[in-house]
Amino acid sequence: MISIKSSREIALMKKAGHILANVFEVLEPLCKPGITTNHLSQVAEKVIREAGGIPEEKGYYGYPAAICASVNEEVVHGIPSNRKLRNGDIISIDIVVSYQGYMADACRTFKVGNVSSNAEKLVRVTEECFFKAMEFAKPGNRIGDLSSAIQKHAEANDFNVTRDFTGHGLGKEMHEDPMVPNFGTPGTGPILKEGMTLAVEPIILEGRKDVFILPDEWTAVTCDRKLAAHYENSIVITKDGYEIITKKSEGE
């Protein structure tokens, strides 16, 4: 069942989103050659907890860290470790923060040092896919309108979208109805309504769309070992459109 959030609930989700946006500001300049993904997770957890939030991924079905850190061909759910980032890597950092019981979820893909031109394009197009979807994020449109916009922009740039992982509703729970796929048909799916809260997350692949899970039972990687990028924000559907709650406003 899709829940419509009250103004009080949205305010708490916005607070969680503000904390999350601050975490990315701290982590981005740290994503340099030689840093470990474990260190990034430890820094993120410290920032979240000092702001009064909770890193909800830690302990989720036994997940061991405060962030998911997926490098290069890792699509989602990469577990932080003593692995050191190298020049030319890209790293997708996915974080869920709760504040007084309400959640915000976002991901950014950061470039480490000097990356290839195709990696640069992949990261850029993945973010563009999110904002293409936002052109349809308003009451009366449907989930399929967002999904189709993501798919069309990715494929127009010679990339693929994963079929195995989707965006979703969120609020008191990390994953709520509805699912928000990165592929679909315009005019299909649930109708967007004021007060709906969604995590929209294009996950775009350089090569084939097929993925598999590593023996750690978390990390998903591309079958052809080509790159993957991930860009996600939590949004609220408003009376006239949408509001991103996991991205700071200009000048903030």
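The values are calculated or read from the model by the stated rules, or taken from the named source; none is laboratory data. Quick caveat: nothing in here was measured; it's all calculated off a predicted structure. Please note: Cβ atoms are built from the backbone with ideal geometry, for glycine as well, and neighbour counts cover all protein chains shown. Accessible surface areas use protein heavy atoms only, side chains included; no ligands, DNA or RNA. Shrake-Rupley method; radii C 1.70, N 1.55, O 1.52, S 1.80 Å.
In the range 51-92, which trypsin sites (Lys or Arg not before Pro) are in a loop and have at most 14 other Cβ atoms within 10 Å, using DSSP for the loop call?
Passing both the DSSP loop test and the Cβ count: 86.
Rolling a 1.4 angstrom probe over the protein heavy atoms, how many square angstrom per residue are accessible across the chain?
44 Å²
Along the range 183-199, what does the Karplus equation 6.51 cos²θ - 1.76 cosθ + 1.60 (θ = phi - 60°) give for ³J(HN,Hα), rounded to whole Hz, x for Gly and Pro?
8, x, 10, x, x, 10, x, x, 7, 6, 9, 4, x, 6, 10, 9, 9
What does a probe at residue 174 reach in the range 101-138, counting residues whose amide N is under 19 Å from the point 7 Å along Cα→Cβ?
101-109
Output ³J(HN,Hα) for the range 205-220: one whole-Hz value per residue in order, computed from phi by the Karplus curve 6.51 cos²θ - 1.76 cosθ + 1.60 with θ = phi - 60°, and x for Gly and Pro.
Residue by residue, the range 205-220 yields 10, 5, x, 5, 7, 6, 9, 9, 9, 6, x, 5, 6, 10, 5, 9 Hz.
Thinking of the range 32-163 as a set of Cα atoms, what percent of all their pairs are more than 24 Å apart?
41 percent
Rounded to a whole number, what is D in µm²/s for the chain from Stokes-Einstein with the Kirkwood radius over alpha-carbon pairs (20 °C, 1.002 mPa s)?
The calculation lands on 120 µm²/s.
Between residue 25 and residue 135, take the C-beta separation as r, use R0 = 22 Å, and let me know the FRET efficiency to the nearest 0.05.
The computed FRET efficiency comes out at 0.25.
For the range 38-81 and the range 179-252, what is the separation of their C-alpha centers, rounded to whole Å?
18 Å
Rank 121, 15, 111 by mean-square fluctuation in a GNM of the chain with C-alpha springs under 10 angstrom and give only the top-ranked residue.
Fluctuation is largest for 121.
In the range 1-127, carbon and sulfur make up what percent of the accessible area (probe 1.4 Å)?
50 percent
Non-local amide H neighbours of residue 246 (under 5 Å, H modeled in plane, Pro and chain starts lacking H): which ones?
Counting only residues 5 or more places away or on other chains, the set is 234.
Would you please state the base-10 log of I(q)/I(0) at q = 0.14, 0.22 1/Å for the range 161-252, with intensities from the Debye formula using one equal scatterer on every alpha carbon?
With no solvent term, the Cα-only Debye profile gives -0.63, -1.16.
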